[in-house]
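The values are calculated or read from the model by the stated rules, or taken from the named source; none is laboratory data. Computed from a predicted model, the values in this text were never measured in an experiment. Cβ placement follows ideal geometry from the backbone for every residue including glycine, while neighbour counts extend to all protein chains displayed. With ligands, DNA and RNA removed, areas are computed over all heavy atoms of the protein, side chains included. Shrake-Rupley method; radii C 1.70, N 1.55, O 1.52, S 1.80 Å.
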Amino acid sequence: MIMLDELKNLKTPGNREGFWFFLGSVIGDKQLSYEDIRVLCSHAPGSCQIILPEMVQYCSAFGWIQITENMISLAPEILDVHQDINALNKQLIHKTLIALFESEAFRISMFSFDALSHRTLFRNELFPLNYSVIRNTLINMGFFDIARSIHGTTFFVSDAYEKTLSNLCKTEKKKMTLSQLRKKLEADAEIGERAEIFSLIFEQHRIGPPLSEKIRIVSDIDVAAGYDIISYESNTSTDYDCFIEVKAASHDMGFFWSRNEYEIAKLKGDHYYLYLVDIGKIEEAGYTPVIIQNPAEIIMQSPEWMVEPQSYHIQHI
């Protein structure tokens, strides 16, 4: 994993010509010791600025070079383009952007489109000050264009890299969406499990021994059953005759009911029950959930309930 913390407060590793010479000409397709690199860098052209320890540190932090047993070589992606300066520069910027988004030093909210200039703006004031060396290197490499006026300094993303940035932002949005969905599903699952456990205990107390020992949650194993708990309508029942679907309902008793659950409810009729559990009240002594017997008939035919379709399957015929 690329680690950028080591670059905090780093002054400067050099200029872009220095990076190009260091990666493309000094290291190239070879494996070199630090001492060999130091000697070769001493012959750098006058346009190259190379502060060797910082440059090695910078390139290593972004994964541009690999250091194994004190030998330094190019990372595969850099090796593939090291002989083409333009392709090399683009690859260095691309890997830099990936690392910045992964470390959250860059966030999507830092970029916006300016309709007047028809360009993408970068909110430099949101960028961590400790990483100023990275920002300055990106300027030097041509990712940022700088516009200065009496009103201050404006950072624009270079037109050549807008597509690269756009693709990375799309990837980040997908990651955010998946992460948010995962968190919601995990939270919903935890709430649903609490509601099921409460309902199981409620049923066991309602029926009492010895039948209470046979009441169980079945949804852990049979997710397509259409109900969560099998129980008994009374302590005189001789077989399972109470099929309970548990819903952790909102304060207005709203809940989602799957088509499978509804079809099973119709099939079971009076033996099917909905338990609407208010999670905020399950710790209260004597709390009883809202219990609806035969909900396929009661809910669907009652003016007290509003059934609202949330999605539709569309098919051309």
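If I go through the stretch 246-275 residue by residue, how many of them are of a type in the set (A, V, I, L, M) and under 15 Å from residue 188 (Cα atoms)? Reasoning before the result, please.
So the first thing to find is which residues in the stretch 246-275 are of a type in the set (A, V, I, L, M), and the list is 246, 248-249, 253, 264-265, 267, 274.
Narrowing further to those that are under 15 Å from residue 188 (Cα atoms): 246, 248-249.
Selection size over the stretch 246-275: 3.
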Checklist entry - Just for the stretch 269-286: of the residues that are part of a helix (DSSP H, G or I) and out of contact with any helix residue (DSSP H, G or I) (no Cβ under 7 Å at 6 or more places or on another chain), which one is least open to solvent (accessible area, probe 1.4 Å)? => result 269
Checklist entry - Looking at the stretch 252-268, is at least one residue in a helix (DSSP H, G or I), touching a residue at least 12 places away in the same chain (Cβ under 8 Å) and closer than 18 Å to residue 201 by Cα? => result no
Checklist entry - If only one of 171, 120 is of a type in the set (Val, Ile, Thr) and either outside any helix (DSSP H, G or I) or within 30 Å of residue 277 (Cα to Cα) (or both), which one is it? => result 120
Checklist outcome for this item: Filter the stretch 69-99 for residues that are open to solvent by 40 Å² or more (accessible area, probe 1.4 Å), farther than 17 Å from residue 139 by Cα and free of Cβ contacts under 8 Å to residues at least 12 places away in the same chain; the one that is nearest to the chain's Cα centre (by Cα) is 76
Checklist entry - Going through the stretch 224-262 one residue at a time, which ones are within 35 Å of the chain's Cα centre (by Cα) and either among the small types (Gly, Ala, Ser) or exposed (fewer than 10 other Cβ atoms within 10 Å of the Cβ) (or both)? => result 224, 225, 226, 248, 249, 250, 251, 252, 254, 256, 258, 259
Next on the checklist: Every residue in the stretch 23-55 that is crowded, with 19+ Cβ neighbours inside 10 Å and within 17 Å of residue 138 (Cα to Cα), please.
Outcome noted: 23, 48, 50, 55
Next on the checklist: Condition check: open to solvent by 30 Å² or more (accessible area, probe 1.4 Å) and either on the phi > 0 side of the Ramachandran plot or touching a residue at least 24 places away in the same chain (Cβ under 8 Å) (or both). Does residue 102 satisfy that?
Outcome noted: yes
Checklist entry - What is the number of the single condition among (1) within 24 Å of the chain's Cα centre (by Cα); (2) closer than 24 Å to residue 96 by Cβ; (3) surrounded by 12 or more Cβ atoms within 10 Å (Cβ to Cβ) that residue 156 does not meet? => result (1)
Checklist outcome for this item: Flagged in the stretch 114-142 as under 17 Å from residue 12 (Cα atoms) and open to solvent by less than 40 Å² (accessible area, probe 1.4 Å), in numbering order, are 131, 132, 133, 134, 137, 138, 141, 142
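Could you please give the count of residues in the stretch 9-32 that are assigned to a strand (DSSP E or B) and touching a His at 6+ places or on another chain (Cβ under 8 Å)?
0
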Item to check | the stretch 168-205: number of residues that are surrounded by fewer than 15 Cβ atoms within 10 Å (Cβ to Cβ) and either of a type in the set (S, T, N, Q) or out of contact with any strand residue (DSSP E or B) (no Cβ under 9 Å at 6 or more places or on another chain) (or both) | outcome: 21
